[in-house]
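Below: the structure, in structure tokens.
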Amino acid sequence: GQFTFIPYAQYDYTQQRLVLVRCNLEKPLFGKGYLNLSYERNFIGKISSLEIGLRFDFSFMQTGLASRFNRNTSTFSQSARGSLFYDRKSHYIGASNTGSVGRGAFAFLAFIDLNGNGKRDINEPKVLGLNIRVNGGRIMRSDRDSTIRVIDLTPYTSYLVEIDKSSFKSISWKIKNLTLSVTADPNQFKTIEVPIEVMGEASGTVNVKTKNGTRVLSRVSVCFYRNDH
């Protein structure tokens, strides 16, 4: 029935007594909604309370309503949480249903490195298809933007980033560094540019003509040169 039951108990080891027990029952509703029912018994204050509430998890925020009843009073509460983040370099504004204040974020950008200097110049285009794995955070992808963003990172922590070498359709596109160690900075996006080198490969045989006919040469190195070199 998709019910989630969570029991909770608090015990004071010094006083050797049970402080409180709580039972929480949750049921998903409407896809993004959750119905919560909980009962709590505080043995120190000899107070029992019952709480019923609704929670909605949207992509941009979380909101909820709850009513709590005990022997003498009843309370009603409303809650909402979420965060906005802005990537200045790519002019991206996004929203999250979790708090991002004080957290770090990465923005990975793959581009064709035409001149091989390892830095993105104005005439070097971005490319789609980059796939990464990070040992933490939450990866966000967008069909309209080739940038991959990783949010909810612990600041001042180094993360291991693994880049899938078979991310792209063209076998001539190669990535030099497939493993990176990146440190997250608080309250900002750290942009990591991933240069892609366009490589070439040739295969075949080299033949030499002699008086006795044509024979194949072995252990031959073939060099390709540009016209302007």
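Readers should treat all values here as calculations from the given coordinates under stated rules, not as data from a laboratory. These figures come from a predicted structure and were not determined experimentally. As a convention, Cβ positions derive from the backbone with ideal geometry for all residues, glycine included, and neighbour counts pool all protein chains shown.
Between the beta carbons of Leu29 and Asn72, assuming R0 = 22 Å, the FRET efficiency works out to 0.10 to the nearest 0.05. Working from the Cα coordinates of the chain, the gyration tensor eigenvalues give, after taking √(5λ), semi-axes of 61, 20, 17 Å in decreasing order. Using the Cβ of Leu84 as centre and a radius below 15 Å, the other residues enclosed give a net charge of +2, where K and R count +1 and D and E count -1.
For the chain, the relative contact order is 13 percent, taking Cα pairs closer than 8 Å that sit 6 or more residues apart in sequence and dividing their mean separation by the residue count. Close lysine pairs were tallied over the chain: pairs 8 or more places apart or on different chains with Cα atoms under 30 Å apart number 24. Mean-square fluctuations from a GNM of the chain, with a 10 angstrom spring cutoff on Cα atoms, peak among Arg68, Arg144, Arg133 at Arg144. Electrostatic bookkeeping for Thr191 treats Lys and Arg as +1 and Asp and Glu as -1; over the other residues with beta carbon under 14 Å from its beta carbon, the sum is +3.
Label-to-label distance, Ser203 versus Tyr92, with points set 7 angstrom from Cα along the beta-carbon direction: 3.8 nm. Taking a label point 7 Å from the Cα of Asn131 along the Cα→Cβ vector, which residues of segment 155-179 have an amide N closer than 12 Å to it? In segment 155-179, the label zone of Asn131 (backbone N under 12 Å from the point 7 Å along Cα→Cβ) covers 163-169. Each Lys or Arg adds one and each Asp or Glu takes one away; over the other residues whose Cβ falls under 13 Å from the Cβ of Leu153, this sums to +2. Full extension of the chain between Val222 and Ile47 gives 54.4 nm of extra length, using 0.36 nm per residue less the Cα-Cα distance. Applying a DSSP loop filter and a limit of 11 other Cβ atoms within 10 Å to the chymotrypsin sites (Phe, Trp or Tyr not before Pro) in segment 180-229 leaves Phe224, Tyr225.
What GluC sites (Glu not before Pro) does segment 170-224 have in DSSP loop regions with at most 14 other beta carbons within 10 Å?
Hits after loop and neighbour filter: Glu201.
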